Amino acid sequence: MAVLEAERPAQGEKGAAMGMHKVEAVGDPWPLAILACLVWPAICTVPLSLTFETAYRYVFPASWYDEAPVIPELGPYGVADPRSIKPLGLVLGLLAVVVGQFFMICYHFLRRGSRLGGLKRVQPQVRDYDFSEGLQTHLSNPEGFVLLGGYLIGTWMLGWMPSSYYSFAGGISWKHVAAQLLLQDMIQCFMHLGEHKISTWVYQNSHKPHHRFTNPRVFDAFDGSLVDTICMILIPLVLTARLVPANVWSYMTFGTLYANWLVLIHSEFVHPWDTLFRKLGFGTAADHHVHHKLFIYNYGHLFMYWDKVLGTYRDPCSLAGKQFNKDLR
């Protein structure tokens, strides 16, 4: 087991040389804090709106979808004829993530401009960047949308998803959404730990490119390597889909929550919901900054339960006034 964290990668961040700036902890007026928290239901706009009073039945012809689970007929090469697969669920799933990203980016734009209350940086070192440059970098990362989109399209249209995932019946099962989020994050946590600990070669050829960001910004979430995305996102997705018998709406809700939550924990700013999230054991931006700053703690992303069991959790409040800004609570 190699101790890889001693090798700290270069920052590689614009504005890293700007020095340490004192940032006052500014509280959020409660109306603005509530408004900011509405980004979460907004992220789920597509599945929430189409399952309300089974609205999808009035929007789409019944021939475009299946209410019952579908077992695709696989050919001799283990793939289905794409012409036999109805693509509506896939299209809506991709749309759900796109709409979720739109609302998440709008939230960050308003938050960054102090339009949703006062700002509190996680780390005192100011990382200056142009918003349009950050957005372009985020959207053009092949490790993110291209690879993930290819996975979703391929597994759906080739008939590789479990039969329940093709079913439109039943609406959103929040039990299945929670199970998918927990399982995905648990498997991702262990894959993440393995990338750090198995060997120097594994770390350098998978996760090290992402660790050049020791003071991450929200747009750094999918900026890593193809191997890293395959190991930490795609493999857990494959396993989670086979362990949770979700329908298309639960899968869609999980997908947009997962994709956007991963981005939000890379934010350079504390979110209005972070105090509550920390009490619940949910992952926050400060929790993930601990990992980017110290390398050997907080391998979980959405939840901190796994790190607390493994003894690898570090409370970001313990770094307040040191590496991090004061009063992160």
Legend entry - Accessible-area composition of the chain, carbon plus sulfur, in percent [1.4 Å probe]: 68 percent
Legend entry - From the C-alpha gyration tensor of the chain, square roots of 5λ in Å: 35, 24, 17
Legend entry - the chain: angle of helix 248-264 to the longest principal axis, Cα-based, in degrees nearest 10: 20 degrees
Inset, instruction - Please give the peptides 129-141, 243-255, 35-47, 221-233 ranked by average Cβ packing (other Cβ atoms within 10 Å per residue), highest first, as a rough proxy for protection. - result: 243-255, 221-233, 35-47, 129-141
Legend entry - Protection proxy ranking of 199-211, 181-193, 260-272 - average other beta-carbon atoms within 10 Å, highest first: 260-272, 181-193, 199-211
Inset, instruction - Can you tell me the 0 to 90 degree angle between the C-alpha axis of helix 285-294 and the longest principal axis of the chain, rounded to 10? - result: 60 degrees
Legend entry - Rounded if a/c under 1.5, otherwise prolate or oblate - region 50-102, Cα gyration tensor axes: oblate
Inset, instruction - Send over a whole-number figure in Å² for the accessible area per residue of region 38-270, probe 1.4 Å. - result: 41 Å²
Legend entry - Part-to-part distance (alpha-carbon centres) for region 262-329 and region 32-99, which is given in Å: 32 Å
Legend entry - Cα-based shape type of region 215-297, given that a ≥ b ≥ c are square roots of the gyration tensor eigenvalues and the cut on a/c is 1.5: oblate
Inset, instruction - Would you mind calculating the gained length between T54 and S199 on full extension (0.36 nm times residue separation, minus the Cα-Cα distance), in nm to one decimal? - result: 47.1 nm
Inset, instruction - Would you work out the relative contact order for region 38-270, in percent, from Cα pairs under 8 angstrom that are 6 or more residues apart? - result: 33 percent
Inset, instruction - Pop a pseudo-label 7 angstrom from the Cα along the beta-carbon direction at both V91 and A68 and give the gap in nm to one decimal. - result: 2.5 nm
Legend entry - Extension reserve of the S140-D81 stretch, reckoned as 0.36 nm per residue once the Cα distance is removed: 18.2 nm
Legend entry - Full-extension gain in nm, L38 to A169, via 0.36 nm per residue minus C-alpha separation: 44.5 nm
Legend entry - C-alpha long axis of helix 147-157 to longest principal axis of the chain, angle in °: 20 degrees
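The values are calculated or read from the model by the stated rules, or taken from the named source; none is laboratory data. Here the structure is a predicted model, which means the values were calculated and not measured. Backbone-built Cβ (ideal geometry, glycine too); neighbour counts: all protein chains shown. SASA here: full protein model, heavy atoms, side chains in, ligands and nucleic acids out. Shrake-Rupley method; radii C 1.70, N 1.55, O 1.52, S 1.80 Å.
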